[in-house]
Amino acid sequence: MSRLGEGLPLETGVPGVFLSPPGFERVIGLLRTGVAALAADEPFHRLVIPPVISRKTIERAGYVAAFPNLLGTVHGYGGTPSGWARLKPLVEEGGEWYAQQQIGDLVLLPAACYPVYATLADSALAEPAKVTVEASCFRQEATSEPGRLRSFRMLELVTVATEEHCLKWRAARLEQVEGWFQELGLDVSVEVADDPFFGPGRKLYQAAQRLQELKWELKVPVADGQVQAVASANYHKEHFGETFGITAGGELAHTSCVAFGLERLALALINRHGADSRQWPESVLAAFGGADA
Ligand code: 5GP
Ligand code: ZN
């Protein structure tokens, strides 16, 4: 058992990719229960999302233009069997066997909420759409400090509706989540934030995002001396409504999401209360909605 571990994620030999042993998964389970309890006050549709998404959707959503460095593409061999016969020896030699790999119609999902907007494409909403999603996400991060993974799970509450609804909803959820993290004993700070846009327009986009307070992050210590955003509350204005042709109340739909990084949150809780969630204080366990560890 010692080799496979119990509480903390296991290294795999590549940065930012970890295996999750039972103790860590227990914490993830508690978090799922806790978020479900938070979300019980509204009727959410619950969707489980695969770790891939249509490349066209992600192009259309503006992700490729903004974060080309983070996107993981999916390639496959599209050549002939005789062509492969020439490439095959390169696998053992450590050569470029992948020289003829071609990009496919899928990419790795970079955030859990994109498929929701795409699914609602070309619809007219009479009522706010409310969806919870969980997905394995991938981002080709350049660094791998504690809490920064390339493959991680994201749990999101998403709403697609009018501007007024989305703004109020996000503000209320942000306050609720901050209170929940405090109940969990986490030393949380709530800060206006921006996304890591890539390229020359970066500073301008980030300044505009901050000025309009489109993104708030909830930051907590995940390791000694390491504070990370464990959740974000985002308002995208009519960006996805316009991109995907969604209307709400006769106008372009607006969207908001609250995203929880499950591994980061689990690391933060373990950092605060120890690796064995069965030993955590009763008050902390109760804050997950009374679920058992
Ligand atoms: P955002 O879309 O705001 O960048 O990400 C939403 C949430 O996903 C973050 O608040 C964070 O908890 C989680 N997340 C984002 N990037 C990473 C990462 O590199 N590693 C891990 N473990 N979680 C991440
Ligand atoms: Zn989102």
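The values are calculated or read from the model by the stated rules, or taken from the named source; none is laboratory data. These numbers come from a predicted model, not from an experiment. Note that we place each Cβ from the backbone using ideal geometry, even for glycine, and neighbour counts take in every protein chain shown.
Figures for the structure shown
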{"item": "Some residue of the stretch 14-27 being of a type in the set (A, V, I, L, M) and within 30 Å of Lys130 (Cβ to Cβ)", "result": "yes"}
{"item": "Flag if Pro128 is away from ligand 1 (no atom under 16 Å from the Cβ) and either over 17 Å from the mean Cα position of the chain (by Cα) or at pLDDT below 95 (or both)", "result": "yes"}
{"item": "Looking only at the stretch 231-253, and only at residues there that are within 30 Å of Arg148 (Cβ to Cβ) and part of a strand (DSSP E or B), the one that is farthest from ligand 1 (Cβ to nearest atom)", "result": "Tyr235"}
{"item": "Verdict on Thr132 being closer than 21 Å to Arg170 by Cβ and either part of a loop (DSSP other than H, G, I, E, B) or not small (Gly, Ala, Ser) (or both)", "result": "yes"}
{"item": "Residue identified as closer than 25 Å to Thr255 by Cβ, in the same structural domain as Gly34 (by TED's automatic domain parsing), in contact (Cβ under 8 Å) with a residue 12 or more places away in the chain and among the polar types (S, T, N, Q) among Ser123, Ser144", "result": "Ser123"}
{"item": "Residue satisfying condition, being small (Gly, Ala, Ser) and under 17 Å from the mean Cα position of the chain (by Cα), within set Gly72, Gly104, Gly94, Gly78", "result": "Gly72"}
{"item": "Within the stretch 116-153, tally of residues that are within 21 Å of Thr247 (Cα to Cα), more than 15 Å from ligand 2 (Cβ to nearest atom) and hydrophobic (A, V, I, L, M, F, W, C)", "result": "4"}
{"item": "Test set (1) acidic (Asp, Glu); (2) farther than 18 Å from Glu145 by Cβ; (3) surrounded by fewer than 16 Cβ atoms within 10 Å (Cβ to Cβ) - Asp194 fails condition number", "result": "(3)"}
{"item": "Among the residues listed as Gln206, Gln228, Gln279, the single one being closer than 29 Å to Ala142 by Cα, in the same structural domain as Ala161 (by TED's automatic domain parsing) and either surrounded by fewer than 19 Cβ atoms within 10 Å (Cβ to Cβ) or out of contact with any helix residue (DSSP H, G or I) (no Cβ under 9 Å at 6 or more places or on another chain) (or both)", "result": "Gln206"}
{"item": "In the stretch 154-211, residue farthest from Gly289 (Cα to Cα) [restricted to those that are assigned to a strand (DSSP E or B) and more than 16 Å from ligand 2 (Cβ to nearest atom)]", "result": "Val192"}
{"item": "The stretch 142-163, subset charged (D, E, K, R), farther than 19 Å from Tyr117 by Cβ and modelled with pLDDT of 95 or more, residue surrounded by the most Cβ atoms within 10 Å (Cβ to Cβ)", "result": "Arg153"}
{"item": "Ala275, sole failed condition from (1) more than 16 Å from ligand 1 (Cβ to nearest atom); (2) in a helix (DSSP H, G or I); (3) in contact (Cβ under 8 Å) with a residue 12 or more places away in the chain", "result": "(2)"}
